Amino acid sequence: MLHSCCAPCSGAILEWLSANDIRPTVFYSNSNIFPKKEYELRESECDRYAKTLGLEIVEDEYDHGRWQREVGFGRENEPERGARCLECFKFRLRSAAKYAHENGYDTLTTSLASSRWKNLEQVDAAGEEACAEYDDVKWWGRNWRKDGLQERRGQIIKEQNFYNQLY
């Protein structure tokens, strides 16, 4: 299962997985995105691309209030790659790992590991912690920026004319 933060970050990963005979379910879990209209726009792009590849997409419950309570409050001034990011990754990947466990998926990875703005150590720590709660779900920590995937990401964004948020 691939936790997806957005279509631009997921595009090259989904293409690579499909080319390697791995047909993931896309799990869209992003209660951190606000306002809801922005969330819906990003989810729509992810859904559109997953369907072009014939992949199933599952949308997690959107609960920005819960995200604020568990992640946001008291960390508003944290820099990118700070403590707030780690807690945000944990929040989303716990939800993904729970879904994977409840629905028979044995492996979880995330498109968060494709963004140059994210700290890969934080992403992996959050994924490991989330999957450790379940004996039947393993974390697939991978640097999705390598092996030409970063370049392909940019190409897919242009080819698909993805909405690419700039904040």
(request) May I ask you to list the aspartates and glutamates whose Cα is less than 14 Å away from that of K51, ignoring any residue fewer than eight positions away on the same chain? (result) E15, E43, E59
(request) Please identify the helices of the chain, taking whole runs of DSSP H, that span at least 27 Å along their own axis as judged from the Cα atoms and have a mean Kyte-Doolittle score of -0.5 or higher. (result) 83-102
(request) Tell me the Kirkwood hydrodynamic radius of the chain in angstroms, computed as one over the mean inverse distance between distinct C-alpha pairs. (result) 15.9
(message) Before I look further, what does the range 42-167 give for accessible area per residue, probe 1.4 Å, in whole square angstrom?
(response) 56
(request) Would you list, by chain and number, the lysines whose Cα falls below 21 Å from the Cα of K146, excluding same-chain residues fewer than 8 positions away? (result) K118, K158
(request) For the chain, with all protein chains present and a 1.4 Å probe, just round the carbon and sulfur fraction of the accessible area to a whole percent. (result) 46
(message) Step by step: find N for the range 1-70, compute 2.2 N^0.38 Å, then divide the Cα radius of gyration by it. What's the final number?
(response) 1.13
(request) Determine which aspartates and glutamates satisfy two conditions relative to K90: a Cα distance under 14 Å, and not lying fewer than 8 residues away in the same chain. (result) E70, E121, D124, E128, E129, E133
(message) Please return the longest range in the chain lying between exposed loop sites, taking trypsin sites (Lys or Arg not before Pro), DSSP loop only, at most 16 other beta-carbon atoms within 10 Å, and leaving the sites out.
(response) 1-74
(request) Determine by what factor the alpha-carbon radius of gyration of the range 48-123 differs from 2.2 N^0.38 Å, reporting the quotient. (result) 1.24
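The values are calculated or read from the model by the stated rules, or taken from the named source; none is laboratory data. Since we're looking at a predicted model, the values are computed, not measured. Positions of Cβ are backbone-derived with ideal geometry, glycine not excepted, and every protein chain shown enters the neighbour counts. Heavy atoms of the whole protein, side chains included, go into the accessibility calculation; ligands, DNA and RNA do not. Shrake-Rupley method; radii C 1.70, N 1.55, O 1.52, S 1.80 Å.
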